[in-house]
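Presented below is the structure to which this report refers.
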Amino acid sequence: MATTLIEKFLSYNRFLVVFIITMIVVLSSIPLVYLLLLLFNVPYTQVLFTMSIVAPALMVPPTVIIILRLSRHLQYFKDELDKEIQKTKERDILLFEQARFTLMGEMMANISHQWKQPLNTIGLAVVTARLSPRDNFNKNFDIIEDNVRYLSTTINDFLSFFDKRTHNELRTLDSIVQEVESIIYTHITNKSIILTVDIDEDHTNIKVTSSISQVILNLLNNAKDALEYKEKDKKINLYFTTTSKGLNIECIDNAKGIDNKIVKKIFEPYFTTKSKTQGTGIGLYMSKEIVENIFNGTIEVFNTRNEGTVFRITLPYSQNCIKQE
């Protein structure tokens, strides 16, 4: 309201504004001076009357002009700041969408791995059904039905993850973990990586906005890539711990860790230690944005004594992370 009035005030002719304000001050100064003199029992002379008119008439115009110029400059800077804020919002939205599309590429690779085995099994069951006696039909059809159900469940998990309408939906930790495992588990195991998920006993009382699944998938993908050149004993541990203040999530791998020189840069946009064909450098940046802006939480990274890497997320209880009594 105040900003609108100021903008309307500044839109008037400058000389008209100066004249109006000067007249108001001059006209109000005459009775004001008279009252002050009366209060202090000082005679009201012709000289004082003249000074009560001349002094405001000389002092008010330059003062108002300076104020108007400052106001116009301030308004200009405010407009420029609003434009920059809008540009930043648009850039963040673009980065967010870019991060999701990048993750979508990763997920499509995952789904191709997950579907190969069930499709091969279905194909084998069809061939077996054609060659087998009729009394074995039901067994082969059961195999086909189970695998079709698995394929349907998998694609539903993928669609749910990329559906913007469910991005702010509150869900249980069990469903989020199930979705994440459904999307990435096969791709990780195909690279001989052991994924362990540990959730404490109080997790059934926790509901979290489903956007956290994007953060977890980003961390798991980074851990998977870090273990790419490790020959054996490749492990990723995912821990969910509830406290009196909130939910803690830790993603720990046993790769070679992160160079201490770049730890502080790891969450910067477009910073990546991978080649350009493997990474864009926006996954961890968007993870940080989601954790801080949606959950008002924190995300940090450090190396373990065993040369692995720990990503620790702390989510305080809020409307996006609820602990039900």
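The values are calculated or read from the model by the stated rules, or taken from the named source; none is laboratory data. Fair warning: this is a prediction, and the values are worked out from it, not measured in the lab. Cβ placement follows ideal geometry from the backbone for every residue including glycine, while neighbour counts extend to all protein chains displayed. Just the protein is used for accessible areas: all its heavy atoms, side chains included, with ligands, DNA and RNA removed. Shrake-Rupley method; radii C 1.70, N 1.55, O 1.52, S 1.80 Å.
Brief remarks on what is shown
- Residue that is nearest to residue 284 (Cα to Cα), among those in the range 301-321 that are free of Cβ contacts under 8 Å to residues at least 60 places away in the same chain, touching a strand residue (DSSP E or B) at 6+ places or on another chain (Cβ under 9 Å) and not in a strand (DSSP E or B): 308
- Residue within the range 215-231 that is open to solvent by 30 Å² or more (accessible area, probe 1.4 Å), without any contact (Cβ under 8 Å) to a residue 60 or more places away in the chain, out of contact with any Lys or Arg (no Cβ under 8 Å at 6 or more places or on another chain) and not small (Gly, Ala, Ser) present: yes
- Output for the range 49-77, where each listed residue is in contact (Cβ under 8 Å) with a residue 24 or more places away in the chain and over 12 Å from residue 29 (Cβ atoms): 61, 64, 65, 68, 71, 72, 75
- Evaluated against (1) within 29 Å of residue 207 (Cα to Cα); (2) modelled with pLDDT of 75 or more, residue 282 falls short on exactly one condition, (2).
- Matching residues in the range 173-191 - criterion: being of a type outside the set (Ser, Thr, Tyr) and either open to solvent by less than 10 Å² (accessible area, probe 1.4 Å) or part of a helix (DSSP H, G or I) (or both): 173, 174, 176, 177, 178, 179, 180, 181, 183, 184, 187, 188
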